[in-house]
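Before any comments, here is the structure.
The values are calculated or read from the model by the stated rules, or taken from the named source; none is laboratory data. Worth saying up front: this structure is predicted, and the values here are computed from it rather than measured. Here Cβ is always computed from backbone atoms with ideal geometry, including for glycine, and neighbour counts include all displayed protein chains. The protein model used for the area step is the full one, side chains on, heavy atoms only, and it has no ligands, DNA or RNA in it. Shrake-Rupley method; radii C 1.70, N 1.55, O 1.52, S 1.80 Å.
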Amino acid sequence: MTTETSVSPIYFDYLDQIANLELKNKPAQQGGTAIRYRIAREQQGDTALCGLISQSFLKQESKKPVILVTGTGNPVWLPEGETDGPSGVAILARAFASIGIPSCILAEERFLPGVLASVRAGGMPILSEESWLKRTNGAWCQPFPTGAKAALPFIESLLSRPHGWSGVFFIEKPGPSVEGCFHNSSGVPKDPEWVGHAHMLADAARQQGVLTVGVGDGGNEIGFGVIREALYHAHPQRFKCQCGCETGLLDGTIVDYLFPCSVSNWGAYALAAALALHQGRSHILPQWPEIEASIRAPLDHGAFDGYTGMAMPSVDGVSLKANRSVYHLFEEVVQLASFG
Ligand SMILES: [Zn+2]
């Protein structure tokens, strides 16, 4: 693996900007994207975050597998998950496979069918652990158990696999506040027994020196612990929760790097594009038809758009057409960098 860093940093800024293009029609949500990104960038060296994360990952020069975690929902609105998260994981898994790194994909059992369908539609084969271990370009998928008690034994078993891990990426994965309350992005508390306690995986991975990355678009996702104090104190009304947590609905989990974006899938696409840039290999990025398939696939397994609650191939209220435009902008940046 190369750690080539001669790409002009401006291209990573472009990718960050595209991932943070805000398109919301609910007044309470409007304007939040720029706030989250600005504070995260300031606190992490004032540099493009997708460039920082991809470079830190590649610097390890490791071919050990990565863990990709997703799965968001609630019993009323999104009982079988949403369209944001699965496609991001699918495309990131493709990018890692292109550089010889296999992916282990985790989501709660109730979300897993949609996630698996997305990963397959994006072009990744889903394998048994045995064949996955013998290949460099497959995905092995496991259900993340729900509830606090089940998490630690599962995490310990996963992290103790002899092959080791080169990173854990949380893509649109809710985490609890420092008080231990899970919230949706509007600050409504969730039953902690209904969700996977994946934030414990972030803590355990960091203790073992495994790189951890959070990609989120609301503030309630794993990784926002990195900026929760600054974010809440700058905008207390925006992030208030219904249960009165100290920093509201904001996740309290610390990761090595946080990448806030407008739509979590777009953050994952930006990371895939950043990996392609660093490697000087534009073909790492899958083509749009695979992205579209990966967005549509979870709908057949009961997922909805998390913003509109509709069974339509939009993501966080952004139409498929706009998702296509955004994806082509990522491709444009990789092309510009490749051909000067
Ligand atoms: Zn709360």
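Could you check, for region 186-207, whether at least one of its residues is within 16 Å of the ligand (Cβ to nearest atom), modelled with pLDDT under 95 and surrounded by 24 or more Cβ atoms within 10 Å (Cβ to Cβ)? No - not one qualifying residue is present in region 186-207. Of the residues 93, 117, 151, the single one that is buried (at least 24 other Cβ atoms within 10 Å of the Cβ) and in a helix (DSSP H, G or I) is 93. Here residue 225 fits the description: outside any loop (DSSP other than H, G, I, E, B), within 19 Å of the chain's Cα centre (by Cα), within 16 Å of the ligand (Cβ to nearest atom) and on the phi < 0 side of the Ramachandran plot. Just one of (1) at pLDDT 95 or above; (2) within 16 Å of the ligand (Cβ to nearest atom) fails for residue 170. It is (2). Scanning region 208-221 for residues that are of a type in the set (D, E, K, R) and open to solvent by 10 Å² or more (accessible area, probe 1.4 Å) returns a single hit, 217. Of everything listed in (1) open to solvent by 10 Å² or more (accessible area, probe 1.4 Å); (2) within 16 Å of the ligand (Cβ to nearest atom); (3) of a type outside the set (Val, Ile, Thr); (4) under 29 Å from residue 204 (Cα atoms), the single unmet condition for residue 251 is (1). For the condition more than 16 Å from the ligand (Cβ to nearest atom) and either in contact with a Ser or Thr (Cβ under 8 Å, 6 or more places away or on another chain) or in contact (Cβ under 8 Å) with a residue 40 or more places away in the chain (or both), residue 140 qualifies. Can residue 109 be described as within 19 Å of residue 70 (Cα to Cα) and among the acidic types (Asp, Glu)? When the stated conditions are applied, residue 109 passes them.
Evaluated against (1) open to solvent by less than 50 Å² (accessible area, probe 1.4 Å); (2) part of a helix (DSSP H, G or I), residue 62 falls short on exactly one condition, (2).
Here residue 47 does not fit the description of being modelled with pLDDT under 95, open to solvent by 10 Å² or more (accessible area, probe 1.4 Å) and polar (S, T, N, Q). Within the set 327, 307, the sole residue that is in a loop (DSSP other than H, G, I, E, B) and surrounded by 20 or more Cβ atoms within 10 Å (Cβ to Cβ) turns out to be 307. Of the residues making up region 312-321, those that are in contact (Cβ under 8 Å) with a residue 60 or more places away in the chain and open to solvent by 30 Å² or more (accessible area, probe 1.4 Å) are 313, 317. Quick one: is residue 180 within 10 Å of the ligand (Cβ to nearest atom), open to solvent by less than 10 Å² (accessible area, probe 1.4 Å) and in a loop (DSSP other than H, G, I, E, B)? Against the criterion (within 10 Å of the ligand (Cβ to nearest atom), open to solvent by less than 10 Å² (accessible area, probe 1.4 Å) and in a loop (DSSP other than H, G, I, E, B)), residue 180 does not qualify. For region 153-165, the criterion of being out of contact with any Pro (no Cβ under 9 Å at 6 or more places or on another chain), of a type in the set (Asp, Glu) and closer than 22 Å to residue 256 by Cα is satisfied by at least one residue.
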